[in-house]
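Notes follow once the structure below has been shown.
The values are calculated or read from the model by the stated rules, or taken from the named source; none is laboratory data. Nothing here was measured: the structure is a model prediction, and the numbers come from that model. Cβ: placed from backbone, ideal geometry, glycine included. Neighbour counts: every protein chain shown. Accessible surface is based on the protein model in full, side chains and every heavy atom, while ligands, DNA and RNA are left aside. Shrake-Rupley method; radii C 1.70, N 1.55, O 1.52, S 1.80 Å.
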Amino acid sequence: MTTLAGKNAIVTGASSGIGEATARRLAAAGARVMLVARRLDRLEGLATEIGGGAVPLALDLGAAGAAQALLDAATRQLGKVDILVNNAGILRTSHVDAFDLAELEPLIAINYTAVVEASILFARHMKAQGSGQIVNLSSIGASITAAGTGIYGGLKAALDRFTDVLRIELAGSGVRVGLVAPGTTTTEIFADMKNKGQPGWDEYIPPMVPDDIAKAILFMCEQTGNANAARLHIYATSESF
Ligand code: NDP
């Protein structure tokens, strides 16, 4: 099925996990995909594998001006952008006894600022062309109140609100906006916890795999006519939150 034939897509955080699986799904559906992350070797390998004119782009989304650099690179290399999946993210648990304050700014920069800035810049680009799809990755963490989730979950909750308002502001413009909130999915996002000697959250229950979330992102991108899949919550079957 080439439901996205002729579409240009950007996936941030495409070097692993959900972003990598999403890039595979979008490319298999016919899209040309720009793969964004810092680990260029992985992006180059994935671009070769998925084909379809995939373009790797090494970019630190935590750096000032990253969203503008992404827009500039995308319009230069792809021309128009039809789909933006703001997927890149990091997890740092935030228990009051142990949280390293030096981790606060990168969390905000990557999980919130970069997503909001890219959403705004690409929303303008898409509004001008009269079509487009923005997908922002939220989390089950946005909806739960549990020890260790305050900063990460709080930023995702803020992103949920921003994303919903962006959808409303773009109503009737031809630009669809939606959020995908995964539950526990086994990826490298838990490596930091494990490196610090904590159990990863993906060790408590049988987790999902990245492609479970990628399928939902593809579904959102495949909407046609007057439909906009605005919120998709994909949780593991054993999730207890
Ligand atoms: P991974 O750790 O597997 O992937 C994260 C991706 O983000 C990597 O490609 C990484 O690439 C990229 N990234 C991190 N920092 C930067 C940076 N400064 N600049 C550019 N890219 C960066 O995590 P997941 O696939 O699990 O996470 C994807 C999204 O899903 C995140 O937004 C996360 O919050 C969300 N999510 C995940 C859940 C889960 O259980 N896994 C649950 C709920 C939400 P590189 O290091 O090469 O730069």
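Within the span defined as the stretch 77-85, one or more residues are within 14 Å of the ligand (Cβ to nearest atom) and modelled with pLDDT of 95 or more. For the stretch 123-136, check the following and say yes or no: at least one residue is in a helix (DSSP H, G or I), small (Gly, Ala, Ser), surrounded by 14 or more Cβ atoms within 10 Å (Cβ to Cβ) and within 16 Å of the ligand (Cβ to nearest atom). No. Mind checking which pairs have a first residue in the stretch 180-195 that is acidic (Asp, Glu) and a second that is within 6 Å of the ligand (Cβ to nearest atom), Cβ under 6 Å, 6 or more apart or different chains? The qualifying pairs are GLU188/SER16; GLU188/GLY17.
Within this structure, ALA21 passes the test of being within 16 Å of the ligand (Cβ to nearest atom), within 21 Å of PHE190 (Cα to Cα), within 17 Å of the chain's Cα centre (by Cα) and surrounded by 14 or more Cβ atoms within 10 Å (Cβ to Cβ). List pairs: first in the stretch 196-212 and in contact (Cβ under 8 Å) with a residue 24 or more places away in the chain and in a helix (DSSP H, G or I), second open to solvent by 70 Å² or more (accessible area, probe 1.4 Å) and of a type in the set (D, E, K, R), Cβ under 9 Å, 6+ apart or cross-chain? Going by the 9 Å Cβ cut-off, the qualifying pairs are ASP211/ARG24; ASP211/ARG25.
Taking ASP72 as the residue in question, decide whether it is open to solvent by 10 Å² or more (accessible area, probe 1.4 Å), away from the ligand (no atom under 14 Å from the Cβ), out of contact with any strand residue (DSSP E or B) (no Cβ under 8 Å at 6 or more places or on another chain) and not in a helix (DSSP H, G or I). Here the answer is no, as ASP72 does not meet what is asked.
If I filter the stretch 75-106 down to residues being assigned to a helix (DSSP H, G or I) and of a type in the set (D, E, K, R), which single residue comes out as surrounded by the most Cβ atoms within 10 Å (Cβ to Cβ)? If we take residues in the stretch 75-106 being assigned to a helix (DSSP H, G or I) and of a type in the set (D, E, K, R), then GLU103 is surrounded by the most Cβ atoms within 10 Å (Cβ to Cβ). Screening GLY30 on (1) within 16 Å of the ligand (Cβ to nearest atom); (2) over 21 Å from GLY62 (Cβ atoms); (3) of a type outside the set (Asp, Glu) shows it passes everything except condition (1).
For the stretch 127-162, the set of residues classified as hydroxyl-bearing (Ser, Thr, Tyr) and in contact with a helix residue (DSSP H, G or I) (Cβ under 7 Å, 6 or more places away or on another chain) consists of SER138, SER139, THR149, TYR152, listed by residue number.
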